[in-house]
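**Q** Quick one: the structure is below, and I'll ask about it shortly.
Each reported figure results from applying straightforward, stated rules to the coordinates on display, with no laboratory input. Keep in mind that what you see is a predicted model, and the values were worked out from it rather than measured. Here the Cβ positions follow ideal geometry from the backbone for every residue, glycine too, while neighbour counts run over all protein chains shown.
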Amino acid sequence: MRSGKHDRRSAPALSGREWLASGLMVGALGLLAGFVAVPILSLVLWTVREDSWHAMASPVALEALALSVKTTSATMVLLVLVGTPAAYLLARKDFPGARALNTLVELPVVLPPSAAGIALLLAFGRSGLLGERLYAFGIELSFTTVAVVMAEVFVAAPFYVRQAATGFLSVDRSIEEAALVDGADRVRAFFSVTVPLAFPALVAGAITAWARALGEFGATIIFAGNFRGITQTIPLAIYSEFQRNIDAAVALSVLVLGFAFTVILAVRHLTRRATEQRG
């Protein structure tokens, strides 16, 4: 006769090889976390030790932060509006030249930012391939705030499109087909079924792209210049202050670090809540 107590099955003991693998994984995680944490901690400790917090509220810092928020926001709006349908097309449709287009979209990831800036300048500068024709109509793009957005879109687009395409590929097509059977057209099925199911991937791609746009330096300084209040984003302000006052440069670095951490944490939290509510 069985006892009324529930049988407790103990987990199988780990073998020596499994203990070694677990130890290596924990060690690798600790090494990576320490490698990232120590430089960040050094920034904060320097700011505390030198009492340079006041530099965060300087006109240079506030103007650069405001410009970064404005340009990266415009960048993300453009990426979502253009990158989402582009990612869906690359993920779902097989057409001649699809692989070449996919490679072209991914190219800015491996292109040095300085080379990207030169390419943008030669294309859209006053004497550029297209810029010369635009300038004839009174439209000048280089060394303007618009140029900052263009540089950010150029370098950040692959990060959003890649993640969005992965999200669209992971959506079960049978669910979309069920929506079509129920009477929805393809546009309605896309917005009511496909996008919600791919939403976590879209948000992950948007966060990665936004972070890349926020940290953009090389393409911006070549194509847009470094003009305070016009094209001087946070990375450019840090570079300029580093040549004059390292305390101010460190304080600006801590400022952008805290701002980026807060935004990413908030977006992830809101995304998790939205996913749980839909579930």
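**Q** Cut-off 10 angstrom, C-alpha nodes, Gaussian network model of the chain. Which of L78, L24, L180 fluctuates the most?
**A** L24
**Q** Let me ask you something else. For a Förster distance of 51 Å, can you work out the FRET efficiency between the beta-carbons of E18 and F137, rounded to the nearest 0.05?
**A** 0.15
**Q** In Å and from the alpha-carbon atoms only, list the Rg and Dmax of segment 164-279.
**A** 20.5, 66
**Q** Using the Cα centre of the chain as the reference point, and only Cβ charges (+1 on K/R, -1 on D/E), how large is the resulting charge dipole? Debye, rounded to the nearest 20.
**A** So the magnitude is around 840 debye.
**Q** Just for the Cα atoms in segment 69-110, what are the lengths along the principal axes, largest first, rounded to whole Å?
**A** 38, 23, 10
**Q** Rounded, prolate or oblate: which fits segment 60-245 when a ≥ b ≥ c are the square roots of the eigenvalues of the alpha-carbon gyration tensor, with rounded for a/c under 1.5 and prolate only if a/b beats b/c?
**A** It comes out prolate by the Cα gyration axes.
**Q** When only Cα pairs under 8 Å and 6 or more residues apart are kept, what is the percent relative contact order across the chain?
**A** Relative contact order here is 27 percent.
**Q** Moving on. Taking the square root of 5 times each eigenvalue of the Cα gyration tensor, what semi-axes in Å does the equivalent ellipsoid of segment 28-137 have, largest first?
**A** Sorted largest first and rounded, they come to 37, 25, 15 Å.
**Q** Determine the relative contact order of segment 125-279: mean sequence separation of Cα pairs under 8 Å and six or more apart, normalised by residue count, in whole percent.
**A** On the way: 132 pairs, mean separation 39.2, N = 155.
Once normalised by length, the contact order is 25 percent.
**Q** Further, regarding this structure: Quick one: K70, K93, fewest Cβ neighbours within 10 Å first, how do they rank?
**A** K93, K70
**Q** I need the helices of the chain that pass two filters: whole DSSP H segments spanning 18 Å or more by Cα along the axis, and mean Kyte-Doolittle score no lower than -0.5.
**A** Taking the DSSP H segments of the chain (at least 18 Å long, mean hydropathy at least -0.5), we get 16-50, 59-78, 98-110, 145-170, 195-214, 246-278.
**Q** Let me ask something else about it. With n ≥ 4 as the cut-off for DSSP H runs, can you work out [θ] at 222 nm for the chain, using -39500 (n - 2.57) per run divided by the number of residues, rounded to the nearest 500?
**A** -24000 deg cm²/dmol
**Q** For the pair L122/I175, report the inter-label distance in nm, with labels modelled 7 Å from Cα in the Cβ direction.
**A** Distance between label points: 4.5 nm.
**Q** Let me ask another. Just to verify a number: FRET efficiency for V44 and L78, C-beta to C-beta distance, R0 = 35 Å, to 0.05?
**A** According to the calculation, E is roughly 0.55.
**Q** Testing the spin-label approximation: label points 7 Å from Cα along Cα→Cβ at L111 and A266. State their distance in nm.
**A** Taking the simple label geometry, L111 and A266 are separated by 3.2 nm.
**Q** Work out the charge dipole of segment 60-245 with +1 on the Cβ of Lys and Arg and -1 on the Cβ of Asp and Glu about the Cα centre, then indicate which of V193, G205, A178 is farthest towards its positive end.
**A** G205
**Q** By count of other Cβ within 10 Å, fewest leading, how are E241, E63 ordered?
**A** E63, E241
**Q** Using modelled amide H (1.01 Å from N, peptide plane; none on Pro or chain starts), what sits under 5 Å from the amide H of R126, excluding residues fewer than 5 places away?
**A** Correct list: S142.
**Q** Which of Y239, Y88, Y160 comes first, and how do the rest follow, when ranked by fewest Cβ neighbours within 10 Å?
**A** Going from sparsest to densest Cβ surroundings: Y239, Y88, Y160.
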